[in-house]
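The next block holds one structure in the form of structure tokens; read it before the comments.
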Amino acid sequence: MSASASKTKSKAKPMRSAVGAPSQHNQSSRKGKRAWRKNVNIEDVEEALEGMREEERVVGKPLQKTTDNSLFFVDVAGDDQVRKSIPKSLASQTTAAKILAQRSAVPAVFSRTTSYGKRKAAVTREEKERMLRIAKRPRQGPFNSIVDPTEFGAGSAVIGLTEAVKNSGQFDPWAADAEEKVEVPEGTECLQKKPVKAPTHSQPRKIIEVPAVVEPHLGTSYNPPADAHRELLLKAHGIEEKRIAEAEKLAEVKHRMENARVGEDDGNSGVPGMKVDIATTVDEEEEPSETFSKPAPERKTKQQRRKAAKVLAEKRALAQRAANKRILATVDRVKALSKEAKINSAKRDAERQQRWLLAETKLKKGLSGQKLGKHKVAEGEVDVQLGEDLSESLRALKPEGNLFRDRFLSLQHRGRIEPRALVVPRKRRTRTVEYEKHAWKKFDRQQ
């Protein structure tokens, strides 16, 4: 074999690689980027990818993505059906049958999408007519007549029931608003503002059992029984005594305040007992008193500071030891202390319940005499006549009381309206200012 022939043979390129891809890596030229990329040997990479494809065709997915439990297991009992599951290699089987027997585990790729879901509903008659109106296409009316799209109501305009008409009657404006749940992104729960709950307050008017019109006392009759009339007189007398006592107490406080403003001596204003002493002349000269100045503290040495720090540390250690001793002493009394705390808690709950029951019982009788806000709910006045003023007949009866006042106080006692202070109307005082015009200033002189 000649040298030229051997040289030609060595430069011959194989047509395909072991994997099946074209091979050009035997070229000696590597000049330039394109030639270097074109002539790189990637047979090992192609073999590895082809191995993964083979595993995917047989198993269904690459083995490196498969768990160990599905690949390996410990066979303890054995399986008699293993031989039946292993495919038999028959000598009489043709090559075509062997190729067809190798089925891939990867699902086949379809050229068109197939929908296994529910079939779309057909277009309704109303929708079809609406689309024909928009497109201005001829459509059949009754008796197969052609509807003219140019006439009124038959053009592209949508003629029919609107969504507002279809959904009419479903919205209740007076219904309570349903709480809408707002979707909160995950991880931002602490950043969201918590909704503010409306406070729930007890309504006193739900507990009050006072009727709107209270039955009058027997003593208010024009011809009352003697005992009822005497009882009503005593009640009115007690209310009047209480009112007089409060007025006297207020007058006494006012008198004290006025006396405090005016000085008792020399007419000087000021508070009694807070008077400035007047300096008096002394004939004999007093000897100057000796003044003692506190000496400045000396600076401590290092030894004194160390000694003070040591003493302070010892005091703290003793205090800590005493505190630990007290804590250890209370450990043995944990059960007794817990029992005592439960008893005290039960007592407080019983007292709280008792106070609540008393307040509820008092509230059932109305808000008369209680303070709500700035003002106090006024008590109803007792309308009673003296013995000499009583009339034993309806003909000579005189009207007593005020129906408007009784109704107004009843609304306050039952908690329907808030208490208010009495506003007495006052007549506005206007000062008349007279002006003399310039034309009338010299009226007397002109005459």
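The values are calculated or read from the model by the stated rules, or taken from the named source; none is laboratory data. Keep in mind that what you see is a predicted model, and the values were worked out from it rather than measured. Positions of Cβ are generated from backbone atoms using ideal geometry, with glycine treated the same way; all protein chains shown enter the neighbour counts.
So that you can scan it fast, the table gives a plain yes or no per residue for (1) more than 34 Å from the chain's Cα centre (by Cα); (2) touching a residue at least 60 places away in the same chain (Cβ under 8 Å); (3) on the phi > 0 side of the Ramachandran plot:
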| site | (1), (2), (3) |
| --- | --- |
| N344 | yes, no, no |
| R348 | no, no, no |
| G366 | yes, yes, yes |
| D383 | yes, yes, no |
| R395 | yes, no, no |
| A421 | yes, no, no |
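For the range 289-326, give me each residue that is among the small types (G, A, S) and either surrounded by 10 or more Cβ atoms within 10 Å (Cβ to Cβ) or part of a helix (DSSP H, G or I) (or both). Answer for the range 289-326, where residues must be among the small types (G, A, S) and either surrounded by 10 or more Cβ atoms within 10 Å (Cβ to Cβ) or part of a helix (DSSP H, G or I) (or both): A308, A309, A313, A317, A319, A322, A323.
Counting the residues of the range 397-408 that are assigned to a loop (DSSP other than H, G, I, E, B), within 60 Å of the chain's Cα centre (by Cα) and farther than 17 Å from K235 by Cβ gives 2.
Can you say whether S168 is closer than 30 Å to E56 by Cα and either at pLDDT 75 or above or touching an Asp or Glu at 6+ places or on another chain (Cβ under 9 Å) (or both), as far as the supplied structure shows? In short, no.
So which residues in the range 183-234 are of a type in the set (V, I, T), more than 30 Å from K365 (Cα to Cα) and surrounded by 10 or more Cβ atoms within 10 Å (Cβ to Cβ), if there are any at all? Don't jump to the end; show me each part of the working.
Quick first cut of the range 183-234, residues of a type in the set (V, I, T) only: 184, 188, 196, 200, 207-208, 210, 213-214, 220.
Adding the requirement that they be more than 30 Å from K365 (Cα to Cα) leaves 184, 188, 196.
Scanning the range 183-234 gives a single hit, V184.
This table checks each residue for (1) closer than 29 Å to R205 by Cβ; (2) in the same structural domain as G369 (by TED's automatic domain parsing); (3) of a type in the set (D, E); (4) touching a Gly at 6+ places or on another chain (Cβ under 9 Å).
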position: S393; (1), (2), (3), (4): no, no, no, no
position: L403; (1), (2), (3), (4): yes, yes, no, no
position: R407; (1), (2), (3), (4): yes, yes, no, no
position: E418; (1), (2), (3), (4): yes, no, yes, yes
position: L422; (1), (2), (3), (4): yes, no, no, no
position: R426; (1), (2), (3), (4): no, no, no, no
position: T430; (1), (2), (3), (4): no, no, no, no
position: V433; (1), (2), (3), (4): no, no, no, no
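Say whether the condition of being under 35 Å from the mean Cα position of the chain (by Cα), at pLDDT 85 or above and loosely packed, with under 12 Cβ neighbours inside 10 Å is met by at least one residue in the range 372-380. Looking through the range 372-380, at least one residue is under 35 Å from the mean Cα position of the chain (by Cα), at pLDDT 85 or above and loosely packed, with under 12 Cβ neighbours inside 10 Å.
Among the residues of the range 327-373, those that are assigned to a loop (DSSP other than H, G, I, E, B) and more than 23 Å from Q203 (Cα to Cα) comprise D332, R333. For the range 393-436, name all the residues that are within 16 Å of P211 (Cβ to Cβ), of a type in the set (S, T, N, Q) and modelled with pLDDT under 90. Answer for the range 393-436, where residues must be within 16 Å of P211 (Cβ to Cβ), of a type in the set (S, T, N, Q) and modelled with pLDDT under 90: there is none. For the range 77-99, a tally of residues being surrounded by fewer than 10 Cβ atoms within 10 Å (Cβ to Cβ), among the aliphatic types (A, V, I, L, M), at pLDDT 75 or above and farther than 20 Å from V59 by Cβ returns 2. Could you tell me which residue of the range 383-439 is surrounded by the fewest Cβ atoms within 10 Å (Cβ to Cβ), considering only residues that are out of contact with any Pro (no Cβ under 7 Å at 6 or more places or on another chain), among the small types (G, A, S) and under 30 Å from L363 (Cα atoms)? Residue satisfying both the conditions and the ranking: A421. Answer yes or no as to whether A198 is in contact with a Lys or Arg (Cβ under 9 Å, 6 or more places away or on another chain), part of a loop (DSSP other than H, G, I, E, B) and either of a type in the set (G, A, S) or not assigned by TED's automatic domain parsing to the domain that holds K364 (or both). The answer is no for A198.
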